[in-house]
Structures are given as structure tokens and as C-alpha cells.
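The values are calculated or read from the model by the stated rules, or taken from the named source; none is laboratory data. Not measured: the values here are computed from a predicted model. As a convention, Cβ positions derive from the backbone with ideal geometry for all residues, glycine included, and neighbour counts pool all protein chains shown. What goes into the accessible areas is simple: the full protein's heavy atoms, side chains included, and nothing from ligands, DNA or RNA. Shrake-Rupley method; radii C 1.70, N 1.55, O 1.52, S 1.80 Å.
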Amino acid sequence: MTDSDEGLYDGDDMQYQINVTSDDERSSDASAHNEVETDNEGAGMVAEPQLNIEGDNRGGSGQLENDTQQQQCTEDCSEAESALPEMLAKEFASEEEAGICYQEYARTVGFGIRKHNKRRNVKGNITGRTWVCSRQGFRAAKHMENRCRGREAKAVTRTGCRAQFRVIYNEDTGRWACSFLQRVHNHNLTPPQLVHHIRSHRGVTGPDLSAALSLHKVGVKPSQIHEFMVDRSGGYDKVGYNRRDVENRLAATRHASLKESDAETCLSYLDGRKSSDPSFFYDFTITSSNRLGDLFWCDGGSCADYALFGDVIAFDATYKTNAYRKPLVVILGINHHRRTIVFGFALLSDETEHTYTWLLETLMTAMNNKHPRTVVTDGDKAMRNAISKTFPEASHRLCCWHLVRNAQTNIQNPEFTTEFRRCMMNAYTKEEFDRKWKLMVDNHNVAANEWVVKMFEDRHMWAEAYLRGKFFGGMRSTQRSEGMNAYLNHYVNRRLRLIEFVKQMDRLMDRQREAEGKDDFNSSDGRPVLVTHLKMYEQQAAEKFTRAMFRLVREEIDKEALLTAEMCDRDIMSTTYRVRRFGSVGKEVKVVINETSKTLSCTCKLLETIGIPCSHSFVVCKAQNMTEIPSSMILSRWSKAAKIKAHTSSDISCNKSHYMTELARIGQIYAACRSLLRFAGSSLAAYNVAITDIHQLTLKLQAMSHTEEPARQPLARRDTVVQDPEVVLTKGLVKKTKMGQPQQRKCSRCGQRGHNVRKCKKRGGTRQQLDDCSSHCMQFFCGSNVMGPNATDAADTNQAPQQPTRYLNVMSRQQIGENGRQFSPTSESWFQQFSASTASQSTDPTLNTSAFASVSNCIATSSSTPTNYAHIWNL
């Protein structure tokens, strides 16, 4: 050991010398093995150690605190002496095994450890390793004197503890052996029930980390993951780590996956998706500062769904989904099961009209320029302007829920809100609606209210009377968007990076399509129970419509029993019926049936608005003695074969086969083969059938195709690396004003602000630096704040002395020298006992150990795994 190492150890312990070889032999061994000293470690190679106990060095006039402590120390000393040969005889196969051994000992006794110095030879191989107590050393004085802190300083835990464990490598045996052991601590040991809080004894194991990653991918929070591990382990003291450890390991794993920048990694991932799925589409913008701006992506399945169900879309912006606060826009639709489907995702840089216009134009590029017929939004002004510019022929509907909430806010009259909701929802004629509206505003004296005037001007965007006959698929609000946002909360949070966010969206799409597959199974498996009086029509509806739509059609069939039909007009081509409620002379509707094509048209326009036949039509079919539901009343987008058969021109939504591009068809086939892959690999027989049929189908389709397959282009690397996006200040985020002036950097040399140590004009000479170094060394070795009985953690001598530290495992409050003489920590004899040594005067490695009081009472029980090292440490 060097002088600095020797100065760290006090003379209050028993010194056991390990006699190995002479100085000349040790010098020859060191030169033979080309060993060098690094990291303040002593040089030399230790051969087979031999224990030489020189006797009890605890003599002198040192008085123990009481007779009980003296008796315990004597007993522990004898036990330690008997355990030393066993400890020296113990060898370790590797450095890691020695570390595990000492860590288990530290857990049992009740203190933390950390790695300290290490020794290397000229080849760079580690030949020695030292572990010290976690309270070794002292906190730097500059950290103790810092008064300009942004947060409260951490508690001082360093007490200058000298407990340590050292092993060295023996090249002859290829094993590691103990060369030095200090068992005395100058601080209180941790009780067994609190040992699991020590940092060195906490750590997420490999299996637990794998389980945590799997749980985190499906949206389980770190706190819930920790609770799950605690329940599985049997208690907080058995799991081996806390919630913050789980968060740190998950964050470290996420950062390790980012090979480049977050944005570049995300774009590379999307490139990989496009190479595996030709119908995958994504586009992005780059800001003037070369940062990622807006991002849109959708896969082939979404493109195929849009070709079939893209006649009505809805979208809304949601927040707090990613680390950059980018507003997330999910473009939604409705499939043939009345289930919400996703047409695409977008992360925007802002919520301006220009950005929304880019989003909608990019959507049209991905969907082969097929425009939706109707759009539902919450009424944001930027959205409205972008929709009117991009989709000039589409019908834009405002969310009824947002309108009711605005009515409550602007009018603050519950009666007005109730009547407003009734006017909005009821299917009046346009003249009736205007009359009801005027009567309502006059009764409540709100005709001059600015919000009321504006809403009446925009009534064509929210009143059912003005929207009747326009296909919205049953959507009146952005409730599906709000529901999707709540659904997203299980997968995303405000800390997600871009690459993690995109992967979570892929996982969401997988879950959504699995739910769609379950709906397909439910619609084809079994048949519903027939309960209406028109079982013929009900049976046909059950065979044609999906299960969700069949329930709506059955309600209309059931209402037919309350209606009566009366012929009022007839000509060569058509017949008109007047339909009203039985026994009532109130409101009536007219149904016109074409005698040639057997198509029906009702003034209620339920078929044009929602897409299902109304009860009035069933009354006319019954009056005409029709045994089947006309095909014109069955919209193919609600049928079971919506994704199998092509749409016909008789559909109200027009022929959509034009929009089924090659990429969309590939995406549809790719999505349809998911179940095939699972069933084909379930057994060997299924595999044989699948592989044979696939081969025959491939040959058949190859004969039908006359186009050559285009060669796949390799992924192109961007010339410039896209930087991570900036944090966005969205509309949903309140701006925060900064309090006070920002703090300037403080120089560590002169203490002035505005510059650092490199630009400091106050430069000290070599003599000044040596004097400062000498004074710091004298303060460390001779200062009362280090070794005195009233020692404190702070280096400031002006602080008030704290209460004397109660040392466990220390034989006396006074220090005892090598020769049994008492001395003060600041006395000259204490400082002179460590004589200066040169490089040629190497000291023998020493096993410095002493007994400590009541070790058996400090055995920890928090370790969840048994250890085989307890007998080594005399426990």
C-alpha cells in the first residue's frame, strides 16, 4: 500500500501480518510478472498467505465504556482469530465472486459497499480489487459551503469509515485471495429490517427486468410493476429494489435503444416497416433548424380500411402523449361492426391551419386521393378552415357534445340547455327548426347573445334538420375520438420518446384488429334468436348484416307493428304510401317504391343518414307482399361480406373499387392472412394443407398476372440526420411565466459569477497550489473534524460541534497506537506513527481485522436468497 492508503487506517484494530516472502523475493516476483501499481494500490504479488498473530495489540491504558463491551470484544476477538485462517484459506474463482461474497456479508451486518481502487499489471489486466464501505471518505468542502442551491442538499452520509475488503489475483493458482480486511466501522449499522433500503443492496435482476419491460410495453406503470414484483416476492424487503429503481432501469433501457437521435431512430424504424409492408406509408416535415416537425404514418391495413369505410371520418387533437408535447391526431372511422377503426396517426408541431392542411393533404396522398363524404370535429377554427380548403364538397358536422357544453358555459341556464339539445337532436324540417329556435330564444331573452347568433348562422353544421340525408354512420359527436384518447392512456404517457410512441401505436393497432377478428367470428358463429313478428325479414337481416348492425335493424322491424300504411298515389313507375303510427293522426311520412327496381325511398331518410332500412319501409314491403328485403335496403358497408365482396354501383356510397389501389389491396390481403398464419402453424397437418394450397394459388394467380414484379429498392439513407423535435406549446397547455432571473454560472476558483474556472483571471502559481494542497492534507490528517470524537461530516471548522458519534464495533473512544500507547487524534504521535516510504520500501499486505460488538444481533434477514459465505465472516 502507498502512504495515502496507510493513512486511512487507524491503530485501534488488531494488526495481523501475512508473512509471504522477503522483500527481495517480492521484488523479483513483481519484476517477473511485470506488475505495476495503479489507483493508489500497493505493488507486489501475494503467494500462499500464512497467518502470523503477534498477540493482542489492545494494551495500554485505554478504558472501555463498560464491562459488557469489554467482554463482548474479547469473545469476538477470539472468534475472529479462529475465523481468520478459514478466511485466508478461502479462494474465489473470479473477482465477481469475491464481490458477491463481500456484498452478502455487508447485507448481513448492515452496511453498504462500493467499488474503490483496482490494481492492473503492465498488460492492463486487473490483479487486485478493493471494496470499501459506502460511507468511506468525506464530502468535498465546496459542496458543503454552497449556499446557492436550487433544491435542498442531500443528507451527509460520508463519515470517513475505513472498513474495506481487498483481494488479489494469484497467477500460479489462477484464483483470487483476500489480502486485507478491515471490519471496524465508525458509524451506526443499519437494522436488519431496513437493510433493503441501502443502495448497494438494491438492484433489478435480469429476469425481473425482462418481466418489467414486457409489462411496461403493454402500458403498466412502473409503480404498478413494482407492486406486482412485491406481491410475487412476498414483501417489500424481499423484492430487492424500490419503485425508483424500476423507473431508472426502464429509462436506461429506453435510452440504450436510441442508437442515434430519437427522431432519426424513429424514421429508421418507419423505413423498416415500409420495407416489410409495401403498402405502409409515412411522411414528415423538417423545420428550418433541421428538426423533425410533423409526422404522419399508416399501414396497409389502414389504407384498405379507408378504401372501404372512408366515407366518414372524425379526428381530434389530444395532448400529454409524448415527451415533446406534440399534439396527437388520430383519424378515425367506423367499420362494418360499428367499431372504431384508425386510418392514420399524426404528431403535429402546432395546431395552425397550415399544419392541419398539410395533414389532410398527406392523408389524401396515402389514400389515393379519395375524399370523405362527411367529417366530424369539435369545431376548432383551424380545423374548420383546413377542412373547407381540402374537402370543399364534404359535409362538416360539429360535435353535439361540445355544443351542449358551450351552451352551458355561455348561457348558464339549464332550461335553455335542455331545449337547445332537443332542437339539435330532433329531426324537424328546416322550417320547423327555425320556428322552434326563434320561440326558444325569445322565451329566454337570449336573442341578442353573440354565441346564440353565431350558432344559428352555423346551424347547417350541427342541427339534425339540416344534416338529415347526409351519411354520418350514426356519428353525432367526437365521442369516438374521446373514447380513443381514453383508450390511448393505457399505452402512452408524457415521457414517451418518438420511437417508443410509434411502437405503442403499432401495439394498439394489433389489439384493435384482434377485436375486429373477434367481431367477425361472433357474426359468423351461430345465429341470433328470432324475436320479432316478421321472422322472415328478421332471418334475412341476420344473414346479411353483421351482429352489431343486425340489432339496429331488428329494432326497426319491431317498430313496424305499431305503424300502418295507406296508399295515397300510384302511377306506372312508382307507388306512394302514407305511413303513420296506428291510432294516431299526427305526424306521417311518405314512402315511394319503384315498381321496376324495387327500390324504396322514405322521407325520414334513415337509410341515407345511417345506412339501415327504416320501419316505414318494412311496412310498405309488407303491404306489397314482398318476401325478401330489397337489396337496395342493405348497404354493403354494414354487411358481413364488406371486406370480401366488391362494392356495387347500387350502393349509396357509390362504387369504391376505384379506390382499391394495388397497395391497398396488398394491405387488405396482408391483414386477412394474419389468422391464416396462426392456424397454418398450429399443427403439421394444417401446415401441409396450407403450404400445398398456397403453392397452387400462387401458380394460378401468377398465370392471371401479366405484370412483372418490380425490384425492391434498398433503403435510402438520408443525407442529413434529422434532429429531435422541439417541445411544443400546445393549445391545451397553459403558458407559465418564469419567476426571477436565471442564475449565472459560478466560478469554482474565485467564487464570482459570470464565468467559469477556465476564463478566471485569478490564476495561482505553483507555490500557491502546493501550499493549498499541503494545507488540505494537514486538515485531512490532523483536523479535529475528521478523527476527533466530536467529528462531523462537514469540513467547515466554524460549525457548531455535533454530538459525539456513537461507534459500534469500536473498543474505546480513545485511539490506541501500535505499541499500546494512547494518543489524541490531533497529537503529533498519531501523525508520526505513519512513516514516509518510498517506492522501494513496499509494505506487506495486511489483513487488518478486529472484533466488533454483538455481531450476531446485526444479522440481517432481508436477503431473499441464501448465501454460503456466512461462515467466512464469522457470523
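A few comments on the model shown:
- Coordinate range of the alpha-carbon atoms in the range 490-575 per principal axis, descending: 67, 32, 24 Å.
- Dimensions (Å) - the range 188-324, Cα atoms, principal axes, largest first: 69, 37, 30
- Within the full protein context, the accessible area of ASP442 is estimated at about 80 Å² for a probe radius of 1.4 Å.
- Computed over protein heavy atoms with a 1.4 angstrom probe, the accessible surface ordering of THR318, THR287, largest first, is THR287, THR318.
- Overall form of the range 450-491 per C-alpha gyration tensor (a/c, 1.5; a/b vs b/c): oblate
- Amide H partners (placed H, <5 Å) of LYS221, local residues excluded: none
- Each listed q (0.11, 0.20 Å⁻¹) maps to a log10 I(q)/I(0) for the range 282-366 from the Debye sum over equal C-alpha point scatterers, namely -0.30, -0.92.
- Ordered from largest to smallest accessible area (heavy atoms of protein chains, 1.4 Å probe), the residues TRP401, TRP462 come out as TRP401, TRP462.
- For the range 283-407, accessible area per residue (1.4 Å probe, heavy atoms of protein chains only), Å²: 30 Å²
- The accessible area of TYR466, taken with all protein chains in place and a 1.4 Å probe, comes to roughly 40 Å².
- Placing one equal scatterer on every Cα of the range 332-491 and applying the Debye formula, the log10 ratio I(q)/I(0) at q = 0.14, 0.15 Å⁻¹ is -0.81, -0.91.
- More than 15 angstrom apart: percent of Cα pairs within the range 135-210: 75 percent
- Between ALA153 and GLN193, the FRET efficiency from the beta-carbon distance, with R0 = 41 Å, is close to 0.90.
- Which of LEU398, LEU552 is most accessible, then next, and so on - probe 1.4 Å: LEU552, LEU398
- Rounded to the nearest 10 square angstrom, THR157 shows an accessible area of 70 square angstrom against a 1.4 Å probe.
- Evaluated at q = 0.17, 0.18 Å⁻¹, a Debye calculation over the C-alpha positions of the range 502-653 (equal weights, vacuum) places log10 I(q)/I(0) at -1.00, -1.09.
- Cα pair distances of the range 448-530 binned at 5 Å [whole percent]: 3, 10, 11, 12, 12, 12, 13, 12, 9, 4, 2, 0
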